1. Would you work out the relative contact order for the stretch 165-220, in percent, from Cα pairs under 8 angstrom that are 6 or more residues apart?
2. Roughly how far apart, in whole Å, are the Cα centres of the stretch 200-274 and the stretch 278-309?
3. Quick one: which of LYS280/LYS319; LYS2/LYS177; LYS255/LYS292 span more than 24 angstrom between C-alpha atoms?
4. Using helices alone, I'd like the mean residue ellipticity at 222 nm for the chain: each DSSP H run of four-plus residues gives -39500 (n - 2.57), total over residue count, nearest 500.
5. Taking a probe of 1.4 Å, how large is the accessible area per residue of the stretch 188-232, in Å²?
6. Mean separation of Cα pairs under 8 Å and 6+ residues apart, divided by the residue count of the stretch 181-291: what relative contact order is that in percent?
7. Report, to the nearest whole %, how much of the accessible area of the chain belongs to carbon and sulfur atoms, 1.4 Å probe, protein only.
8. Let's see if you can work this out: charge +1 on each Lys and Arg Cβ, -1 on each Asp and Glu Cβ, no other charges. What is the dipole magnitude of the chain about its Cα centre, in debye to the nearest 20?
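The values are calculated or read from the model by the stated rules, or taken from the named source; none is laboratory data. Not measured: the values here are computed from a predicted model. Virtual Cβ from ideal backbone geometry, glycine too; neighbours counted across all protein chains shown. To get the accessible areas, we keep the full protein, side chains included, count just its heavy atoms, and leave off ligands, DNA and RNA. Shrake-Rupley method; radii C 1.70, N 1.55, O 1.52, S 1.80 Å.
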Amino acid sequence: MKAIVCEAFGGPEVLALREVPDPPPPGAGEIQVRIEARGVQYVDVLMLAGKYQFRPEPPFIPGGEAAGTIVAVGPDVTQFRTGDMVMSRHTLGACAEMGNAKAALCDMVPVGMNMEAAGVFRGAYGTAYHALLQRGRLNAGEWVLVHGAAGGIGIAAIQVAKLFGAKVIATASTEEKRSACLEEGADHAIDYQGGFIDRVKELTGGRGVDIAYDPIGAQVSDDSLRCLAWCGRLLILGFLGGGPTNIRSNYLLIKGIDAIGVRIGGLNEADPELAIANMKALTEFAALGKLKPRISHRFPLARAADAMRAVIDRKVIGKAVLAG
């Protein structure tokens, strides 16, 4: 089969399209999928660079989320059969024509969802749902400030927050991205560059927001603390803005703020039953048309390096997908 192989740590230039052996027959609890679409995530970029928590040694096939058709099932798998179309989760290996996955971590493609959308669904929506509903304890009517709102987990957060009755302020760096956030349901979309505190306070009548959803870090995290209302929650999802910040504990004390870490991989490891239940709920919402991925960039598998570069350069609005 053809696969994209990371041959050394580095940037997208370390990726190469290679012929590799087909995966072995699926073992106990596994299915084998002919992969038709793969999501491209910033996690993949970090893995290529050797900077992610999970650090596979090259050579390896990257990719953690996909969708395709089952071609074989393990001897004890009863919930799927050959020919089923599924969304699959992989530790590695999604950037290939075939892959094995744990059946318990796969779901049927929701009715009405095409394969490209299914290929980019799991990571972003699983993250947003867990962050807002479980870690952030979101209640209807609350204000949510979503940073990096035009990215994959940002668009998902806007949709999930609105689905559960929140009011959303989205931040994004360009007019095109802010327009996309409004199209996806955000109540307001603002430029965070040069400061956003005063604008957030103005939009909330001086009160501040209940939740700040922050994959950016650095100065954005510091300023988000100052935007939070009494008993607000800062959700820490990553550090795309240059690294973590040294959070000042007096901010937390004065307004009763919770600073909460969110890592979807940690949920999958520590509480897999909850992760599975979350995805079941999310696929039901998707089947009802209430959650729908936004895909701005589509590439064939052979152009995986171009897809990674688009993510690094922040050209992607929503998600990028490798199809075919």
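1. It comes to 27 percent, rounded to a whole number.
2. 25 Å
3. Table pairs above 24 Å Cα-Cα are LYS2/LYS177; LYS255/LYS292.
4. One gets -8500 deg cm²/dmol as the mean residue ellipticity at 222 nm.
5. Dividing the accessible area of the stretch 188-232 by its residue count gives 40 Å².
6. 19 percent.
7. Answer for the chain is 52 percent, counting heavy atoms of protein chains only.
8. 480 debye
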